[in-house]
Structure formats: C-alpha cells, structure tokens
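Enquirer: Before anything else, here's the structure in question.
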Amino acid sequence: MDIFSQKKILISAVIVLLLFNLLLVGILGFGLFRPKPQPQPRPVDETELAAVLKKELNLSEQQAEELRNIRTQFFQKEQIITGIIRSKRDSMNLLMFGDNANDTFLKQLAAGVSENEYNMELLRIDQAEKLRTICNGEQIKKLQKLVKEVRDYLRPVERK
C-alpha cells in the first residue's frame, strides 16, 4: 500500500468520524436545549375533593355542605384577586418597555401586585379558619395529616 492510498483512507475515516460527531452533537443539542413543557394545571373537581375529605374526615352531610360553601366562596374571591394581579402585571409589562417608563409608577404597580398576593394568602388563612370551625378535634388531627396529600393532589401535573 502506498502512502497516497493510506492518506485517502485516513482522510475518509476522519470525514466519517467528523460527520458522526456532528450528527451526535445535533441530536444531543436538540434534546438538551428544547424548551421544557410547563406543568399543566390539574382540573380540580371540587365534588371529588369534597367527597375525599368527607370520607377521610368522616364529615356529616351538614359539614360537607359547609365545606363546599367555604370552597365556593374561596374560589370566587380568589378569581377576583387573580384577575387584579394579572391586570397589574400586564400593565407593568406594557409600561416597563414603553417609551416613557415611569419607575415610580412601576414600583407602585409592583407594590399593588405584592399587596394582592398578600391578600391571597390572607384568603387562604381565612379559609383554613372557617374549615377549623366546622371540624371537631379528631377531624382536625386527621386533616393535619392530609394537608400534604391534598396539596400534592392539587399540584399541576408535569408533562414529559
């Protein structure tokens, strides 16, 4: 074998390996840099959640009805606050990148968002207080054990 045919074989091998590496980098790069899907909100079936709590806590019909009323009131108030927060954030986004960005006004909008987030937490505390008033001591103890499971049940489902 002469030196020219050896050189051709080596060049061909380098080209094949180079193409293989480029293909591998492309496949890995596409997999690594692809945007990850956002968790999808789990549709909350209030009747299902109420039924589970009724069963697990041994709630009476009256207690279960009061629980449904508390949850309904909570969701109505939550939607109002969520709408206000979304509105303020949208206004902030428009103003932040506008021609005449007013930092003082933007900070006031940000304070309004945080105030409404605080109001949302107060709403959750109020809901918990109302729930404690309809449960007896044994039911509250069971509820303390169920809190994490209920939270995990309501967590958005991640798609793969």
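The values are calculated or read from the model by the stated rules, or taken from the named source; none is laboratory data. Computed from a predicted model, the values in this text were never measured in an experiment. Note that we place each Cβ from the backbone using ideal geometry, even for glycine, and neighbour counts take in every protein chain shown.
Enquirer: Could you please find all residues in the range 49-75 being of a type in the set (S, T, N, Q) and surrounded by fewer than 17 Cβ atoms within 10 Å (Cβ to Cβ)?
Expert: N58, S60, Q62, N69, T72, Q73
This table checks each residue for (1) among the charged types (D, E, K, R); (2) at pLDDT below 90.
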{"position": "E61", "(1), (2)": "yes, yes"}
{"position": "Q73", "(1), (2)": "no, no"}
{"position": "I80", "(1), (2)": "no, no"}
{"position": "R86", "(1), (2)": "yes, no"}
{"position": "N93", "(1), (2)": "no, yes"}
{"position": "F97", "(1), (2)": "no, yes"}
{"position": "E117", "(1), (2)": "yes, no"}
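Enquirer: Looking at (1) within 30 Å of K145 (Cα to Cα); (2) at pLDDT below 80, which one does S5 not meet, given that it meets all the others?
Expert: (1)
Enquirer: Oh, and also: Out of K142, K148, I need the residue that is touching a residue at least 60 places away in the same chain (Cβ under 8 Å) and within 30 Å of S60 (Cβ to Cβ). Which one?
Expert: K142
Enquirer: What about N116, is it farther than 22 Å from A50 by Cβ, polar (S, T, N, Q) and in a loop (DSSP other than H, G, I, E, B)?
Expert: no
Enquirer: Among the residues in the range 79-97, are any under 30 Å from A51 (Cα atoms) and exposed (fewer than 11 other Cβ atoms within 10 Å of the Cβ)?
Expert: yes
Enquirer: Could I ask something else about it? Is it the case that some residue within the range 140-153 is exposed (fewer than 13 other Cβ atoms within 10 Å of the Cβ), within 26 Å of N93 (Cβ to Cβ) and among the hydrophobic types (A, V, I, L, M, F, W, C)?
Expert: Looking through the range 140-153, none of the residues is exposed (fewer than 13 other Cβ atoms within 10 Å of the Cβ), within 26 Å of N93 (Cβ to Cβ) and among the hydrophobic types (A, V, I, L, M, F, W, C).
Enquirer: May I pose another question? Please determine, by comparing only the residues of the range 119-150 that are assigned to a helix (DSSP H, G or I) and of a type in the set (S, T, N, Q), which one is nearest to E78 (Cα to Cα).
Expert: Result: N119.
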